[in-house]
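Chemist: Could you have a look at this structure, given as structure tokens, before my questions?
Any read-out appearing in this document is the output of simple, stated calculations on the displayed coordinates, not a laboratory observation. Computed from a predicted model, the values in this text were never measured in an experiment. Note that each Cβ is placed from the backbone with ideal geometry, even for glycine, and that neighbours are counted across all protein chains shown.
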Amino acid sequence: MRVVVAGSHGLLGSTVVNLLAQRGWSVQRLVRRPARSSREIPWDPQHGHLNPADLADVDAVINLGGASLAHLPWSDAYRRTIVTSRTVPTALLARTLAGMDDPPRVWLQASAVGFYGDRGDEVLTEASENGTGFLAELTRRWEAATGPAADAGVRVALLRTGSVALAPSGGSSSGLILRAIKLGVGGPLGPGTNFWSWITTADHAAAIVHLLDADVSGPVNVTAPHPVTQREVITALARALHRPAFLAVPAPLLRLVLRDVADELLLSSQRALPTALQESGFAWQHPTVADAARWISARD
């Protein structure tokens with residue numbers, strides 16, 4: 001299988017590329033500069049440039065790109081960057097694949113459970129409706145940008161990733177939380193009762209590779225099968241790392257410092273279940289937050 005990956009240099013992208021290489025699959029990276037080897041394909045989403053000939057004989061495309069949500073503050077300018085860094089490259093890929101006589105048969109496109117908005121303890125599946133808020137509108141537009149490729153017959157899977165990626169390194173969305181816990185100053189953010197749909201980076205990458213072959217299209221909640229409250233995530237990590245986790249940060253303070261980012265990223269609640277992933281036969285290495293915490297502590 002020949003696979004092209006965009007957004008390949010981050011923590012998740014690097015893990016996915018390594019897994020594909022271990023399987024003996026041919027991997028090429030989409031890069032925003034001249035290609036330096038046959039393992040790279042140049043493209044320029046800002047100016048709408050991607051040569052369809054470079055995707056000839058490609059079996060699958062994986063797009064994981066997008067400006068970091070952890071870059072703060074979210075000024076009006078950076079919000080525009082967050083949106084355009086996702087919708088513009090996705091739309092270019094969609095147009096390119098739709099215009100090919102023989103396009104790649106599979107496209108795995110990053111998205112997020114932020115699609116559902118802040119939903120409290122409501123159980124969410126891929127059939128649940130779009131919510132409200134900046135991230136909910138962002139993901140709606142992001143997913144909609146894939147439309148032309150899906151209309152052209154490409155199997156498009158929309159990877160609605162959990163709000164928290166758990167990894168031993170500080171390169172994930174859990175990095176700040178882990179560092180605080182290791183310093184002994186961790187604790188719940190606000191009440192800690194909001195649900196975090198989480199997944200380890202190992203399971204995240206494995207799920208993406210699994211979906212290349214699984215006959216799944218449309219939205220896919222790429223999360224662990226047991227979403228838990230934010231307090232439970234932090235408590236499990238602290239217990240595995242043998243650290244305290246009692247220094248709660250009041251929600252008003254978070255909002256004072258981070259403004260609406262606090263509600264969008266840290267205090268919102270998505271109790272998402274990975275129904276499509278489970279039905280496709282995927283097996284998690286770390287199905288519970290306790291499993292994930294033990295994995296992280298063993299690599300600490």
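Chemist: Can you put F282, F195 in order of Cβ neighbours within 10 angstrom, beginning with the fewest? Please list the in-between numbers first.
Modeler: On the way: F282 19, F195 25.
Listed from fewest to most nearby Cβ atoms, that is F282, F195.
Chemist: What whole-number value in cubic angstrom gives the convex hull volume per residue for the C-alpha atoms of the range 181-299?
Modeler: Looking at the range 181-299, the number lands at 105 Å³ per residue.
Chemist: Shifting gears a bit: In debye, nearest 20, what is the charge dipole magnitude of the chain about its Cα centre with +1 on Lys and Arg Cβ and -1 on Asp and Glu Cβ, if you could check?
Modeler: On the way: 27 positive and 26 negative charges, 211 e Å.
For this selection, approximately 1020 debye.
Chemist: Restricting attention to the alpha-carbon atoms of the range 70-225, what are Rg (one decimal) and Dmax (integer), both in Å?
Modeler: 16.9, 58
Chemist: Which value, to two decimals, describes the C-alpha radius of gyration of the range 134-219 once divided by 2.2 N^0.38 Å? Before the final figure, lay out each step's value.
Modeler: Working: Rg = 16.6 Å, N = 86, 2.2 N^0.38 = 12.0 Å.
Working it through for the range 134-219, the quotient is 1.39.
Chemist: Summing Lys, Arg as +1 and Asp, Glu as -1, what charge do residues with Cβ under 10 Å from the Cβ of S280 carry, S280 excluded? Please list the in-between numbers first.
Modeler: Numbers: positive: none; negative: D213, D215, E279.
Net charge around S280: -3.
Chemist: For the range 203-253, how big is the tail of P(r) above 12 Å, as a whole percent of Cα pairs?
Modeler: On the way: 959 of 1275 pairs.
So the portion of pairs separated by more than 12 Å is 75 percent.
Chemist: What's the angle, to the nearest 10 degrees (0 to 90), between helix 76-98's Cα axis and the longest principal axis of the chain?
Modeler: With both axes taken from Cα atoms, the answer is about 40 degrees.
Chemist: Using θ = phi - 60° and the Karplus curve 6.51 cos²θ - 1.76 cosθ + 1.60, what whole-Hz ³J(HN,Hα) does each residue of the range 19-29 get, with Gly and Pro shown as x?
Modeler: With the stated coefficients, the range 19-29 comes to 5, 5, 5, 4, 7, x, 7, 7, 10, 10, 9 Hz.
Chemist: Taking the range 196-276, which chymotrypsin sites (Phe, Trp or Tyr not before Pro) meet the DSSP loop condition and have no more than 15 other C-beta atoms within 10 Å?
Modeler: Numbers: sites: W196, W198, F246; in loops: F246.
In loop regions of the range 196-276 (DSSP not H, G, I, E or B), the sparsely surrounded chymotrypsin sites (Phe, Trp or Tyr not before Pro) are F246.
Chemist: Additional query: Going through the range 223-300, which trypsin sites (Lys or Arg not before Pro) have at most 15 other Cβ atoms within 10 Å and a DSSP loop state?
Modeler: Working: sites: R231, R239, R255, R259, R271, R294, R299; in loops: R259, R299.
Sparse-neighbourhood loop trypsin sites (Lys or Arg not before Pro): R259, R299.
Chemist: Which value in Å does the Kirkwood hydrodynamic radius of the range 28-79 take, with 1/r averaged over all unlike C-alpha pairs and then inverted? Spell out each step's value before the answer.
Modeler: Numbers: mean 1/r = 0.0756 Å⁻¹.
Kirkwood hydrodynamic radius for the range 28-79: 13.2 Å.
Chemist: Related question: Nearest 5 percent is fine: what portion of the DSSP beta bridges confined to the range 2-298 is antiparallel? Walk me through the numbers on the way to the answer.
Modeler: Details: 3 of 36 bridges.
Beta bridges within the range 2-298, antiparallel portion: roughly 10 percent.
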